[in-house]
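What follows is a set of notes on a single structure, which appears directly below.
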Amino acid sequence: MSLVMENTRTLASGRVIYRRVYPAKLRPFVPKQAREFKVSLGRKDAGIGARCDAAKRKYEAIIAEAKARLSGALTALTPLHATSLGEWLRAEMLSDDEEARWDQTERNLYDSVASQLDALGVDYKAGWSGRSKFRWSEKAAATVSGNLEVLKRYRATGDLDAIVETWGQEATELAATKGFEVRADDEQSLAIVCRALNDAAIRAGEDRLRRMAGEDVPTPAFPDLVLPMREVEARPALGLLAIFDGYAAAQGISAGVRNEWRKAVERLVEFLGHDDASKLTAANLRDWRDALLLETTAKGSLRTPRTVRNKYLTPVKAALKWAVDEQRLEANVASTVVVRVPKAAKLREKSYTNEEATRVLKAALAPSSERSSAKSALARRWVPWLCAYTGARVNEVTQLRREDVIQQDGVWLIRITPAAGRVKTNEARLVPIHEHLVEQGFLRVVETAVAGPLFYDEARRRVGEDTESRQHKKIGERLAAWVRNEVGIVDPGIKPNHAWRDTFKTIALEAGIQERVIDAMEGHAPNTVGRTYGHASVKTMDDAMKRFPRFNV
């Protein structure tokens with residue numbers, strides 16, 4: 001006897017597909033605004049009819065919810081609603097348990113749950129071997145215990161994906177039947193309801209085990225969903241910009257980074273048309289991400305995925321995470337928003353070749369233009385050489401002050417410190433001065449300089465400019481342009497300033513210097529826990545620097 005099922009199609013592989021087209025007017029209100037509902041029923045077997053009926057019920061539930069949304073009949077769901085729905089689920093589960101306890105025909109409920117636990121790989125049958133017949137209560141208790149173990153593990157490990165996968169459909173359907181809206185594509189609301197249902201199921205499971213142990217656990221009354229849903233006192237809107245300002249102040253973010261990141265949050269507020277963090281959704285952020293990727297920049301090119309991720313989404317994610325940690329927001333809706341950054345083709349190493357390094361350093365020795373200021377000439381003369389012999393970031397060198405060149409234990413050192421400006425790790429470090437720099441007269445330059453920055457004039461700072469001056473950054477930008485335009489190193493595969501860090505490390509490794517010592521001088525974070533113990537002493541670094549070969553120009 002063949003099985004006849006409506007709205008199904010059998011594929012060549014033998015799998016059966018259930019398909020229903022959504023009415024056109026309801027498509028804006030169904031998950032992902034899809035054109036049709038489609039689900040695989042697997043191959044034809046004894047259970048295909050039940051799976052088909054389940055697919056039909058799911059489709060009808062989606063249609064009912066979409067109609068309610070179209071008519072405006074659903075109410076926006078809040079965390080208070082989610083708690084009430086959880087209590088409703090707990091009451092329902094304990095009520096079903098009460099019926100199954102006294103109705104022998106209902107006991108196959110536990111068999112169904114047991115098969116689910118088998119699929120999850122949960123060993124709930126421990127201690128059953130060797131018996132030919134088991135009392136139903138023993139089997140039921142073990143089954144409930146196994147299910148409870150899974151749900152508790154999800155909660156204990158914070159496995160939100162597993163919780164949403166387990167309870168997602170239940171959450172949307174239960175909320176819709178009670179007149180509340182939980183969209184499958186609204187991760188924030190869906191996660192709140194699913195967590196409430198998971199917690200409620202854990203409490204119900206514990207109650208059922210107490211019953212099986214002989215304790216009298218009454219079935220709670222179904223909550224009156226009208227009362228918990230009454231309007232609560234309105235909370236003032238929490239602004240995205242206010243959240244970011246609080247985050248930046250709490251984290252001690254430097255002025256330059258703070259200003260740049262705040263502009264990104266301002267762009268988001270402009271895109272949204274409001275500054276209310278409670279109204280922000282993951283869908284909003286994905287739309288913003290897509291708009292940024294399609295936008296033409298002032299340079300006439302599209303914004304790169306890396307820029308969108310690092311300069312736009314990163315500050316928003318960080319600020320919202322801080323707000324969640326401070327219990328100012330329920331959830332970080334940005335946590336699931338990603339930007340796919342394709343791996344760039346690598347055409348060469350990021351360090352300078354010997355020929356390129358020699359050209360840059362040789363050009364730095366040449367006289368500067370008469371139009372250059374004394375500080376600019378000094379920067380062009382010494383910054384490339386200092387980068388070459390320290391592996392420091394260019395801005396760490398351009399912000400160097402006279403008082404940052406010190407002598408300790410008979411060793412001349414450069415002190416790279418947040419007191420002079422931004423340091424990526426926000427930690428000061430010492431780097432020995434290579435003897436070749438001493439021979440070239442760097443210490444004499446320092447001795448004759450006045451206190452303060454060596455390579456720019458603080459007096460020329462613009463009135464009202466932030467305390468973290470951009471002057472030293474401009475020096476680095478002009479040096480990069482000089483390498484490209486005047487020295488003639490135009491290969492896009494390297495960054496003119498940053499290439500010195502890779503060059504320094506490459507030469508240091510060739511000289512047999514330990515990587516841990518190199519990282520200490522360059523300011524790299526340890527890549528293992530073991531490397532966080534102890535530190536590279538001045539003597540160790542000085543001995544290493546003496547092994548670092550000279551650049552022969």
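The values are calculated or read from the model by the stated rules, or taken from the named source; none is laboratory data. Bear in mind the structure is a predicted one, so any value in this text is a computation, not a measurement. Quick reminder, even Gly has a Cβ in these numbers, built from the backbone with ideal geometry, and neighbours come from all protein chains shown. We work out accessible area using only protein heavy atoms, side chains counted, and drop any ligands, DNA or RNA first. Shrake-Rupley method; radii C 1.70, N 1.55, O 1.52, S 1.80 Å.
Before moving on, here are some points about what is shown:
- Listed values for segment 245-253 are Karplus-derived 3J(HN,Hα) couplings in whole Hz (6.51 cos²θ - 1.76 cosθ + 1.60, θ = phi - 60°), namely 4, x, 4, 4, 5, 5, 8, x, 5, and x replaces Gly and Pro.
- Ligands, DNA and RNA aside, LYS311 has an accessible area near 100 Å² when probed at 1.4 Å.
- Rounded to the nearest 10 square angstrom, GLU396 shows an accessible area of 10 square angstrom against a 1.4 Å probe.
- FRET efficiency estimate (nearest 0.05) - Cβ-Cβ, LYS350 to GLU486, R0 22 angstrom: 0.50
- Given a 1.4 Å probe and the protein chains as shown, SER335 ends up with an accessible area of around 80 Å².
- Two-site FRET efficiency, ALA377 against GLU403, from Cβ-Cβ distance with R₀ of 30 Å, rounded to 0.05: 0.85
- Segment 296-449, accessible surface, carbon-and-sulfur percent (1.4 angstrom probe): 49 percent
- Exposure ranking of SER373, SER278 by accessible area [1.4 Å probe, largest first]: SER278, SER373
- A crude spin-label estimate for the pair SER368 and THR336, with each label 7 Å from Cα along the Cβ direction, gives 5.5 nm.
- Full extension of the chain segment joining GLU326 with GLU515 gains 64.1 nm, where the gain is 0.36 nm per residue of separation less the Cα-Cα distance.
- Segment 271-426, Cα convex hull volume normalised per residue, Å³: 231 Å³
- Label-point separation in nm, ALA61 to ARG478, each point 7 Å along Cα→Cβ: 6.7 nm
- The mean accessible area for residues of segment 312-461, using a 1.4 Å probe and ignoring ligands and nucleic acids, is 52 Å² per residue.
- In sequence order, calculated HN-Hα J values of segment 154-168 (Karplus, 6.51, -1.76, 1.60; Hz; x Gly/Pro): 4, 5, 5, 8, x, 7, 5, 4, 5, 5, 5, 5, 6, 10, x
- Full-extension gain in nm, ARG9 to ALA213, via 0.36 nm per residue minus C-alpha separation: 68.6 nm
- Remark: spin-label model distance GLU439-GLU427 equals 3.4 nm, labels positioned 7 Å along the Cα→Cβ axis.
- With a 1.4 Å probe rolled over the protein heavy atoms of all chains, the accessible area of ASP199, ASP404, ASP287 falls in the order ASP287, ASP199, ASP404, largest first.
- Efficiency of FRET between ALA459 and HIS274 - r from beta-carbon atoms, R0 51 angstrom, step 0.05: 0.70
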